[in-house]
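S.K.: Pasting in a structure now, in structure tokens, and then I'll have a few things to ask.
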Amino acid sequence: MVVSRLIGGMFGLPRVVGALRPSLPEFLSGPSAFTANARSALGIVCRQIVPRFIWLPSYLCEVILRAVEWAKCPYQFYPTNGTLGVDDFEWIKSVSEEDAVLLIDYFGFPQTDEVVNRCRETGAVVIEDACQALLSDCVGTHADYTVYSPRKWVGVPDGGILKVAEHSQIPEMTLTPPDEEWWLTGLEASIQRRQSDDYCGEDREWFSLFQKHDREDVTGPFSMSDLSKSLLRRCFDYEEIAARRRDNYSILYESLSEYSLTGVLPTGVVPLGFPIRTSRRDDLRQAMFAEQIYPPVHWDLDGVVPESFTASHQLSREIMTLPCDQRYGEADMQRLVSVIRSWEKT
């Protein structure tokens, strides 16, 4: 029996450790705090600035709330539309200079200048969630603080980055290593995923470990491991990663534009994945699972965001993300397209 190559899921550890690169990518440059994960980075900055409220988009990952609640920071939601933009600015009249506003760069696409400028005009602290936009140009340019999550992009077992603008201050907080068992679980998951990729194995123990690692709420003043720091600085060709992701996205868009949520890829944007929208999302997702393709859902909003944000909840029920990262090439992308075209006939 031939086992199809698995597409999707967490990254395995890189196979080769190279020399220190002479120039580091933007997310590794400048004043930064290297934390155990992105939620810790966000929680730390919220404790640093102590806002009256932090304004959160109505489309977001549940772990953001964990970070904000750990920081004991009151929050309000503002509306996003069905394409993850902001076109209703009534809420911004309630934002004051004592507040903070979180902007999310969904799927690698930075928020528009209009959104950023309106937030800055309030005098509020602007925090940019660039967890999905690690390699896109102009990320963090207008933010006071920018949060990154390298684990969504490359094979490191832990790590978040809080980048601080020149006019802002790095939080005065001593970072300590997280719980050892939590870290070792993440490391083991990364190792097993690499082995699974190397040998095209059917063993999915790495997935159980990944879920366990992600489920445990490690939020606080915890540091990134030295292993992850070294891997980020030495092991990845970020230009090649960006180019491969852009090429794969373009292949998918050429064949599946009718499903695309984010449209044509602008210059300078490096995508997290290829988000699509369909009212038959769950049915299509099951068809892809059957072919060893695992598109994630970003995100399930039930119990996270108030139901009054109807556009966000409707999108949450119809969206999923096709993998198009650097592990894959044209043949893999055509396989995704073929599965979808076959599903359409059912």
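The values are calculated or read from the model by the stated rules, or taken from the named source; none is laboratory data. These numbers were taken from a predicted model, which means no experiment stands behind them. Cβ placement follows ideal geometry from the backbone for every residue including glycine, while neighbour counts extend to all protein chains displayed.
S.K.: Identify the residue in the stretch 204-233 that is assigned to a helix (DSSP H, G or I) and aliphatic (A, V, I, L, M) and, among all such residues, is farthest from PRO14 (Cα to Cα). Steps first, answer last, please.
M.R.: Step one: of the stretch 204-233, the residues assigned to a helix (DSSP H, G or I) are 205-215, 226-233.
When the remaining residues are screened for being aliphatic (A, V, I, L, M), the result is 209, 227, 231-232.
Working: LEU209: 18, LEU227: 12, LEU231: 8, LEU232: 10 Å.
The extreme case among them is LEU209.
S.K.: Another one. For the stretch 279-332, which residues satisfy the criterion of being among the β-branched types (Val, Ile, Thr) and closer than 20 Å to SER58 by Cα? If you could, list the steps in order and put the result at the bottom.
M.R.: Looking only at the stretch 279-332, we keep the residues that are among the β-branched types (Val, Ile, Thr), and these are 293, 297, 304-305, 310, 319, 321.
Residues satisfying the conditions are VAL297, VAL304, VAL305, THR310, ILE319, THR321.
S.K.: If I filter the stretch 147-160 for residues that are buried (at least 23 other Cβ atoms within 10 Å of the Cβ), touching a Leu at 6+ places or on another chain (Cβ under 9 Å), on the phi > 0 side of the Ramachandran plot and not in a helix (DSSP H, G or I), do I get at least one hit?
M.R.: yes
S.K.: Right, next: Consider ASP332 against the criteria (1) buried (at least 19 other Cβ atoms within 10 Å of the Cβ); (2) in contact with a Pro (Cβ under 9 Å, 6 or more places away or on another chain): it satisfies all of them except one. Which criterion is unmet?
M.R.: Here ASP332 meets the rest and fails (1).
S.K.: Can you confirm whether THR310 is touching an Asp or Glu at 6+ places or on another chain (Cβ under 7 Å) and within 15 Å of GLY82 (Cα to Cα)? Can you show your working first?
M.R.: Working: touching an Asp or Glu at 6+ places or on another chain (Cβ under 7 Å): no; within 15 Å of GLY82 (Cα to Cα): yes.
Answer is no for this residue.
S.K.: Need the failing condition index for TRP91 against (1) aromatic (Phe, Trp, Tyr); (2) in a loop (DSSP other than H, G, I, E, B); (3) more than 23 Å from the chain's Cα centre (by Cα), just the number.
M.R.: So the condition that TRP91 fails would be (2).
S.K.: Assess whether ARG281 counts as being in contact with a helix residue (DSSP H, G or I) (Cβ under 8 Å, 6 or more places away or on another chain) and of a type in the set (Lys, Arg). Reasoning before the result, please.
M.R.: Details: in contact with a helix residue (DSSP H, G or I) (Cβ under 8 Å, 6 or more places away or on another chain): no; of a type in the set (Lys, Arg): yes.
No; evaluated as a whole, the condition is false for this residue.
S.K.: Could you list, in sequence order, the residues of the stretch 161-173 that are in contact with a Gly (Cβ under 8 Å, 6 or more places away or on another chain) and buried (at least 20 other Cβ atoms within 10 Å of the Cβ)?
M.R.: Residues satisfying the conditions are LYS163, VAL164.
S.K.: State all residues of the stretch 174-203 that are in a loop (DSSP other than H, G, I, E, B) and surrounded by 15 or more Cβ atoms within 10 Å (Cβ to Cβ); if no residue qualifies, say none. Give the derivation first.
M.R.: Residues of the stretch 174-203 that are in a loop (DSSP other than H, G, I, E, B), as a first pass: 174-175, 177-179, 200-203.
Hits for the stretch 174-203 are LEU175, PRO178.
S.K.: Which residue, of VAL2, VAL16, VAL63, is of a type in the set (A, V, I, L, M) and either touching a His at 6+ places or on another chain (Cβ under 9 Å) or at pLDDT 95 or above (or both)?
M.R.: Working: VAL2 fails: either touching a His at 6+ places or on another chain (Cβ under 9 Å) or at pLDDT 95 or above (or both); VAL16 fails: either touching a His at 6+ places or on another chain (Cβ under 9 Å) or at pLDDT 95 or above (or both).
Only one candidate qualifies: VAL63.
S.K.: So which residues in the stretch 249-274 are over 20 Å from SER149 (Cβ atoms), among the polar types (S, T, N, Q) and touching a Phe, Trp or Tyr at 6+ places or on another chain (Cβ under 8 Å)?
M.R.: Step one: of the stretch 249-274, the residues over 20 Å from SER149 (Cβ atoms) are 250-261, 263-267.
Checking the rest, the ones that are also among the polar types (S, T, N, Q) come to 250, 255, 257, 260, 267.
Matches in the stretch 249-274: SER260 only.
S.K.: Is it fair to say GLY186 is farther than 23 Å from PRO31 by Cα and of a type in the set (Gly, Ala, Ser)?
M.R.: When the stated conditions are applied, GLY186 passes them.
S.K.: Does ARG118 satisfy the criteria of being touching a Phe, Trp or Tyr at 6+ places or on another chain (Cβ under 7 Å), assigned by TED's automatic domain parsing to the domain that holds GLY30 and either closer than 17 Å to LEU272 by Cα or not in a strand (DSSP E or B) (or both)?
M.R.: yes
S.K.: Go through the stretch 67-99 and count every residue that is surrounded by fewer than 17 Cβ atoms within 10 Å (Cβ to Cβ) and of a type outside the set (Phe, Trp, Tyr). Before the answer, list the steps.
M.R.: Just the residues of the stretch 67-99 that are surrounded by fewer than 17 Cβ atoms within 10 Å (Cβ to Cβ), to begin with: 69, 72, 74, 76, 81-83, 85, 87-91, 93-94, 96-98.
Now narrow it down to the ones that are of a type outside the set (Phe, Trp, Tyr): 69, 72, 74, 76, 81-83, 85, 87-88, 90, 93-94, 96-98.
Qualifying residue count, the stretch 67-99: 16.
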